[in-house]
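The structure under discussion appears below in the form of structure tokens.
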Amino acid sequence: MVSGDRSDSLATSVGPLRLRNPVLTASGTFGYGQEMASFFDVAKLGGIVTKTVTMRPRPGNPTPRIAETPAGMLNSIGLQNVGLDGFLRDKLPYLAALDTVVVVSIMASTAEEFGELAGELRVEGVDAIELNLSCPNVSYGDGGQHVMFAHAPELTEAAVAAARAASDRPIVAKLGPDVPDIAALGAAAQRGGADALCVMNTVPGMVIDTAAKRPVLARGSGGLSGPAVRPIGVRLVYQLCAALSLPVVGVGGISTAEDALQYLMAGAHAVQVGTASFVRPTAAHDVLHGLQEYLQDEGSSVEALIGAAQRKGESNG
Ligand SMILES: Cc1cc2nc3c(=O)[nH]c(=O)nc-3n(C[C@H](O)[C@H](O)[C@H](O)COP(=O)(O)O)c2cc1C
């Protein structure tokens, strides 16, 4: 079991956000926290990131919207969620009572709406806001712009700036993997006033049902996650940390402490456990427990490990 200890060896910070340990849950893979509470004491985690909340409830995409793949899964859930009012009324009270950091993930169709949502979440129990700028499973035509926020630096900057202006909470900008220059997107988020970056969202992909001769997912394509995508996430974190001073939260394919260590050594200040929680509901707890053991064995600390591989890369020329 993970002890209730808040020893310095596990402590970390993501900009102004102080975390007792670096293990959070990834948006959309841990519900709103309460759903997972029967498996372990979720308050022991460094933080909980909620399912993405939108202004109004969303039913999500038609089924099928999940497909298994080697070492991963493909999903096209499409931001099914209870909407802002339902979240504030039915979900936040449980989270607010937990002694851990609560990060609310939000998604909007315009920069202005990101601002509105962030403003509405200036309430007790919300410790930080994560902007989902990179969901591959929704259409981006509704708000007058036709590309994903995280595909265009100017849209990323505008969405972050709107949230920044509306909220005093730490703002984390969540980026996606399918861009040619991740540092340009990170820099745009930084210009907008982000306190931290989170990489990565799922990787766009497709599975074909060869008997039916059509894509397995009703929407056609979906987002790939799980162990298969981990090297992509580690690379993105490494590149962002080499290029920018903003703290980065690493996510993608983490299911063991060893996986989390890769992200920390690439430069991440914290990590999120996603798909692994579907396979093993205690995955985030297990990652934390494994990290604790590793640090004890090594006589080291999370803060000492952050970016260790970056420094090694430098000294190797
Ligand atoms: C079923 C499912 C639902 C997801 N929903 C969201 C979401 O609502 N908001 C979000 O920002 N990311 C969402 N994600 C992406 C994860 O938060 C994470 O970025 C991604 O899955 C990579 O991490 P992993 O390989 O550990 O799952 C979802 C992923 C899955 C598998």
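The values are calculated or read from the model by the stated rules, or taken from the named source; none is laboratory data. Keep in mind it's a predicted model, so treat the numbers as computed, not measured. Backbone-built Cβ (ideal geometry, glycine too); neighbour counts: all protein chains shown.
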If you take the residues in segment 64-88 that are of a type in the set (A, V, I, L, M) and assigned to a strand (DSSP E or B), which one is farthest from residue 131 (Cα to Cα)? 67
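Residue by residue, here is whether (1) within 14 Å of the ligand (Cβ to nearest atom); (2) surrounded by 21 or more Cβ atoms within 10 Å (Cβ to Cβ); (3) farther than 24 Å from residue 18 by Cα; (4) at pLDDT 95 or above holds:
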position	(1), (2), (3), (4)
52	yes, yes, no, yes
85	no, no, yes, yes
90	no, no, yes, yes
93	no, no, no, yes
Residue list for segment 4-46, filter: more than 17 Å from residue 254 (Cβ to Cβ), among the hydroxyl-bearing types (Ser, Thr, Tyr) and within 16 Å of the ligand (Cβ to nearest atom): 32
Checked pairs for segment 192-219, first over 20 Å from residue 178 (Cβ atoms), second within 16 Å of the ligand (Cβ to nearest atom) and of a type in the set (Asp, Glu), C-beta under 7 Å and 6 or more apart or across chains, list as none
Quick check: anything in segment 54-67 away from the ligand (no atom under 15 Å from the Cβ), in contact with a strand residue (DSSP E or B) (Cβ under 7 Å, 6 or more places away or on another chain) and either of a type outside the set (Gly, Ala, Ser) or more than 19 Å from residue 139 (Cβ to Cβ) (or both)? no
Please work out which one of (1) among the small types (Gly, Ala, Ser); (2) under 17 Å from the mean Cα position of the chain (by Cα); (3) not in a strand (DSSP E or B) is the condition residue 105 fails and give its number. (3)
Single match in 195, 181 (criterion: in contact with a Pro (Cβ under 7 Å, 6 or more places away or on another chain) and either of a type in the set (Asp, Glu) or on the phi > 0 side of the Ramachandran plot (or both)): 195
For segment 169-281, which fully contained helices (runs of 4 or more DSSP H) count at least 3 residues that are more than 10 Å from the ligand (Cβ to nearest atom), touching an Asp or Glu at 6+ places or on another chain (Cβ under 7 Å) and modelled with pLDDT of 95 or more? 182-192
Tell me whether segment 234-250 contains one or more residues that are among the β-branched types (Val, Ile, Thr), without any contact (Cβ under 8 Å) to a residue 40 or more places away in the chain, surrounded by 17 or more Cβ atoms within 10 Å (Cβ to Cβ) and out of contact with any Ser or Thr (no Cβ under 8 Å at 6 or more places or on another chain). yes
Run residue 39 past the list (1) at pLDDT 95 or above; (2) under 20 Å from the mean Cα position of the chain (by Cα) and report the number of the one that doesn't hold. (2)
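I'm trying to understand the selection: among the residues of segment 191-205, which are under 19 Å from residue 169 (Cα atoms), surrounded by 20 or more Cβ atoms within 10 Å (Cβ to Cβ) and of a type outside the set (Asp, Glu)?
Those that are under 19 Å from residue 169 (Cα atoms), surrounded by 20 or more Cβ atoms within 10 Å (Cβ to Cβ) and of a type outside the set (Asp, Glu): 192, 194, 196, 197, 198.
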